[in-house]
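Structure, as structure tokens:
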Amino acid sequence: MASYERLQSGLYRGIYYVRGVKHRTKAPHHEKARDALNAAEDAAAKARREASSAQGTLQPSIEYGDWWPLWWEKRPVEESTKKIELNILQNHVLPQWQSKPLNEIEHPDVVDWRDHLLRVHSRNYACKIYYLFQGSMTFAVKSPKGPLTASPCAGVSVTHSKRPAGRRIEVEEFDALVADLRVEDYRDAAITLADTGMRPGELAGLHSYSAPTRSGWLEIQDALASGMDYIRSSPKDEEPRSVPTTSRVGEILSRRKGRAPRNSCGLRHTEGVRCRGDLLFRRPNGKPFSLDNFQQALERACARLKIPLITPYDLRRFYASQLADAGVDAFEIARLMGHSTLTQAMEYVRRTAAARAKVLVALGDPRAKQLTIVQGHLGQPGTEPGTQPDFQAPSSAAIGSV
């Protein structure tokens, strides 16, 4: 049962009852009585669902539109991520499954929908949509007293396992891309990602105090949150890291540092960290660097060049691929990329020419004499390239020079 009451302010507040106990909807209140009544009905339905979930009396026939709020409230993700995922949920998941009872969502239905997503969206975006839905169905099975005993998403995948997402960029493609980017900010961003392996959010959150000094090492310790309204004071893997900088990245960051006079970026930092420098990448209007705008610039450049799409994350993978091709071992690649495990780094290493050469040498294959094994060693902070006994300077092709 739901109703409403009028407040002294002239606004309306919803009233609803759960197990005979009277409840009132919380502010903000409503100018129209009908809106207050609708809010009361929604709150009552939510309270009944939560009570049924707690008691284990949710029925398998509950509609997806009534189920997803229960799952949504339990998701342990950052608020900025929730905003993005809620938009995906409302635009792509709910239109498909809103009124469908959970026990009537069958495996073939999920497969057909997955195929539809792959036809109309990029694989990366299809992944975001599908795995959001899959997570809600998994929760319906694994949550205590969940309404389902099996998920219709079992065995349905969008990506191939055991391989890095995205495509491999050739050096010639990267050179052409940088030459075609018409805005300096975007050229600088593309080169910096390709030569440091930073995540796009880490690039957008890069501060002046992280720029390399004489040591030639870049400190990666901040990241711009997806909603562009605060700075995470640690990268995705929770551990700051250092990467050596090429001469062109050193020039870019030094130039940009000279244009960043502020002593604070103006955004909130997590963990109570006090900001002590400006962002190195900003939009012309002074706002934080827009990764969406950068992505669109890459798309336009790729279209003009008539090459497959290159994304900001592909540039990060390009960095790892170049390291692997030069013979840098998986442990060092994982450290430089900020990977928490070797699994991801190994995908770049295991099929390179350097890896093949090492195996053939170990097996005594006669062809091994024709191959050059490049030792992977980046040295330590403060060590100049070329001072290690096993150092071999990479060719211009190996570093994708412009």
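Listing for the model above:
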quantity: First in the stretch 263-279 and closer than 12 Å to TYR230 by Cα, second anywhere and surrounded by 14 or more Cβ atoms within 10 Å (Cβ to Cβ) and among the charged types (D, E, K, R), Cβ under 7 Å, 6 or more apart; calculated: CYS265/ASP278; THR270/ARG232
quantity: Sole exception among (1) in contact with a helix residue (DSSP H, G or I) (Cβ under 7 Å, 6 or more places away or on another chain); (2) within 26 Å of ASP314 (Cβ to Cβ); (3) in a loop (DSSP other than H, G, I, E, B) for PRO284, by number; calculated: (1)
quantity: Output for the stretch 40-68, where each listed residue is modelled with pLDDT of 75 or more, open to solvent by less than 30 Å² (accessible area, probe 1.4 Å) and in a helix (DSSP H, G or I); calculated: TYR64, GLY65, TRP67
quantity: Residue count, the stretch 104-123 (criterion: of a type in the set (A, V, I, L, M) and without any contact (Cβ under 8 Å) to a residue 24 or more places away in the chain); calculated: 1
quantity: Scope the stretch 193-252; condition within 17 Å of LEU315 (Cα to Cα) and among the hydroxyl-bearing types (Ser, Thr, Tyr); matching residues; calculated: THR196, THR245, THR246
quantity: Of residues in the stretch 188-228 being among the charged types (D, E, K, R) and in contact with an Asp or Glu (Cβ under 9 Å, 6 or more places away or on another chain), the one farthest from LEU336 (Cα to Cα); calculated: ASP222
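The values are calculated or read from the model by the stated rules, or taken from the named source; none is laboratory data. Predicted, not measured: the structure shown is a model, and the values here were computed from it. For neighbour counting, all protein chains shown are included, and Cβ atoms are generated from backbone atoms with ideal geometry for every residue, glycine included. Ligands, DNA and RNA are stripped out before the accessible areas are found, and what is left, the full protein with its side chains, is counted by its heavy atoms. Shrake-Rupley method; radii C 1.70, N 1.55, O 1.52, S 1.80 Å.
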